[in-house]
Amino acid sequence: MVAPMGVMKRVTMVFRAKANKALDRMEDPRETLDYSYQTQLELLQKVRRGVADVATSRKRVELQLNQLQQNADKLDRQARDSLAAGREDLAREALTRKAGVQTQLDDLQGQYASLQSEEEKLTQASQRLQSKVDAFRTRKETIKATYTAAEAQTRINEAFTGISEEMGDVGMAIQRAEDKTAQMKARAGAIDELMASGALDDMVSGPHDDIQAELDRMGASHGVDRELEQMKAEIAQSAPRQIEGAQPGTSDGAAAQPASTAPAPDPAQAGEPE
Amino acid sequence: MIVRILGEGQLELPESAAEELNKLDAALESAVERNDEAAFRPALAELVAKVRQVGSPAEADDLRPSELIIPRQDASMDEVRKLLTDEGLIPG
């Protein structure tokens, strides 16, 4: 059982102990100042790379969010078009897919926000560390120029402990950002796979393009029965013409002419998918 | 006195805030000791909020070490426990 001391003091002691251990290793602290400064510069590089990594990850998620949003919008339009054309079955299929895309979107949006906040925190941590490192460099030169080894000791202790604390904090922030980025990479990879599988596709680029083609043929945007009937008649008309080997260049106007003489039972059948 | 919120940097607080902070901190420590997640979350949030409320950001080039260091607000109980040993610190 630990004596009640408080989380704050115990955490502080852990940070101090780490700095003291490093200080104890120094013989002439003035010589070690330069070494410490090098370590600080390396950490600065590392935290900047960390910021860049998080930004890359964020941009990838952004791209995926846009793609998914486009899919969702397209599926929504397709559902409306299908309904207008009286094809509730198609509309249902489109909305089901849209719901799947929306789930991914919501999830990804949450992750995006957390990545954004991580990027912001790390950027600020990088700026704070930069300020401290600059201050340390100035202090280091003053100490080296002005004081004897014995005098320097106490002046170094404070600066060293202060910067060591900052470095410990930044080190944890980098670790945390790396973990987040790794998680996001895995997540983004999974969504890429889902997209490649067609599970999140709209009905144009997905395996249902035949249905969309049918929707298009039916002129879904003018979903009026009369027009539908007319189109069914046209489609019925075009089928036998191809069998007869009609000229491919025949214009629509020419095709409409014989529509009135088309056999009655054909239009209904021709309207169904093959 | 200078207080660090991990991940956020240092803040300058009046000495008079110490008593209240200690009280909030005792609740936090007790929650960690009891492994009480339900009490831990609000205790940490309250402590962090108090420091933010009474503190103002310390100068960025101030090299003084903090008198008190508190975990980041979204730290898990496990992460806080690691901070109480040197497990939570990156070696070097």
request  = Considering only the stretch B:34-65, state which residues are over 11 Å from the mean Cα position of the chain (by Cα) and within 19 Å of residue A:128 (Cα to Cα).
outcome  = B:55, B:56, B:57, B:58, B:59, B:60, B:61, B:62, B:63, B:64, B:65
ask   = So which of B:25, B:61 is under 26 Å from residue A:40 (Cβ atoms) and within 7 Å of chain A (Cβ to nearest Cβ)?
value = B:61
remark   = The lone condition residue B:20 fails out of (1) more than 10 Å from chain A (Cβ to nearest Cβ); (2) within 12 Å of the chain's Cα centre (by Cα); (3) touching a residue at least 24 places away in the same chain (Cβ under 8 Å); (4) in a helix (DSSP H, G or I) is (2)
task = Provide a single number: the residues in the stretch A:62-80 that are within 15 Å of the chain's Cα centre (by Cα) and surrounded by fewer than 18 Cβ atoms within 10 Å (Cβ to Cβ).
result = 7
task = Can you confirm whether the stretch A:59-73 contains a residue that is touching a residue at least 12 places away in the same chain (Cβ under 8 Å), of a type outside the set (Asp, Glu) and either in contact with a His (Cβ under 8 Å, 6 or more places away or on another chain) or farther than 30 Å from residue A:123 by Cβ (or both)?
result = yes
inquiry  = I'd like the full set of residues that are crowded, with 19+ Cβ neighbours inside 10 Å and either touching a Phe, Trp or Tyr at 6+ places or on another chain (Cβ under 9 Å) or among the small types (Gly, Ala, Ser) (or both), limited to the stretch A:174-183.
reply    = A:177
key: Index of the failed condition, residue B:39 passing every other in (1) more than 7 Å from chain A (Cβ to nearest Cβ); (2) farther than 15 Å from residue A:11 by Cα; (3) not in a helix (DSSP H, G or I)   = (3)
inquiry  = Checking the conditions here, which among A:39, A:12 is buried (at least 20 other Cβ atoms within 10 Å of the Cβ), part of a helix (DSSP H, G or I), at the interface with another protein chain (Cβ under 10 Å from one of its Cβ atoms) and among the hydroxyl-bearing types (Ser, Thr, Tyr)?
reply    = A:12
request  = Could you tell me whether the stretch A:46-61 includes any residue that is over 38 Å from the mean Cα position of the chain (by Cα), more than 30 Å from residue A:102 (Cα to Cα) and aliphatic (A, V, I, L, M)?
outcome  = no
request  = Might you let me know whether the stretch B:78-89 holds any residue that is facing chain A (nearest Cβ under 7 Å), crowded, with 16+ Cβ neighbours inside 10 Å, part of a loop (DSSP other than H, G, I, E, B) and at pLDDT below 95?
outcome  = yes
request  = Name the one entry in B:62, B:74 that is assigned to a loop (DSSP other than H, G, I, E, B) and free of Cβ contacts under 8 Å to residues at least 24 places away in the same chain.
outcome  = B:74
ask   = For the stretch B:65-75, which residues satisfy the criterion of being farther than 15 Å from residue A:168 by Cβ and surrounded by 15 or more Cβ atoms within 10 Å (Cβ to Cβ)?
value = B:67, B:73
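The values are calculated or read from the model by the stated rules, or taken from the named source; none is laboratory data. Not measured: the values here are computed from a predicted model. Cβ sites come from the backbone with ideal geometry, for glycine too, and all protein chains shown count toward neighbours.
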